Amino acid sequence: MANNDTINNTTPILRLREFVAWAKSEGLCKSEHDFEKQCGLSPKYLANNSSNGRGNIGTKMLGLIVRQYPMLNLSWLCTGEGGMVCKKTELNTDYKEAYEAAMAHIEALNRIIGKK
């Protein structure tokens with residue numbers, strides 16, 4: 001069975017770059033560098049991971065990103081399925097609850113990845 005990245009012809013890092021482009025259009029960040037700085041990622045994290053062919057994002061990085069951008073749909077980021085951004089009605093208004101839910105999602109995805 002082909003994995004979803006083959007079907008979508010994209011990788012999580014490319015989807016993240018798509019999200020950054022959306023965030024720029026919404027005025028949430030000025031550039032990829034600004035996004036990386038806001039999230040606490042190393043400079044050129046996006047460009048380097050895109051160009052080296054890996055295309056994957058570690059769970060530590062996902063945690064940093066979702067802490068800054070809780071509207072990012074982690075399921076979409078990891079699989080390409082669903083919408084890129086959670087609707088405002090889907091967002092948890094309590095930041096702590098939103099963060100905990102996102103971290104639980106990351107842990108669940110790690111369990112799924114670990115089984116393959």
- Query: Taking V66 and the conditions (1) under 22 Å from G114 (Cβ atoms); (2) modelled with pLDDT of 90 or more; (3) outside any helix (DSSP H, G or I), which numbered condition does it fall short on, given that it satisfies the others?
  - Reply: (3)
- Task: Please determine, by comparing only the residues of the stretch 81-114 that are open to solvent by less than 40 Å² (accessible area, probe 1.4 Å) and at pLDDT below 90, which one is farthest from K24 (Cα to Cα).
- Result: A108
- Query: Taking interchain pairs and intrachain pairs at least six residues apart, which have beta carbon atoms under 9 angstrom, with the first residue in the stretch 94-108 and of a type in the set (V, I, T) and the second surrounded by 11 or more Cβ atoms within 10 Å (Cβ to Cβ) and modelled with pLDDT of 75 or more?
  - Reply: I106/T59; I106/L62; I106/G63; I106/V66; I106/L74; I106/C78
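The values are calculated or read from the model by the stated rules, or taken from the named source; none is laboratory data. Everything numeric in this text was worked out from a predicted model, so none of it was measured. Reconstructed Cβ throughout: ideal geometry from the backbone, glycine too, with neighbour counts over all protein chains shown. These area figures cover heavy atoms from the full protein model, side chains too; ligands, DNA and RNA do not enter into them. Shrake-Rupley method; radii C 1.70, N 1.55, O 1.52, S 1.80 Å.
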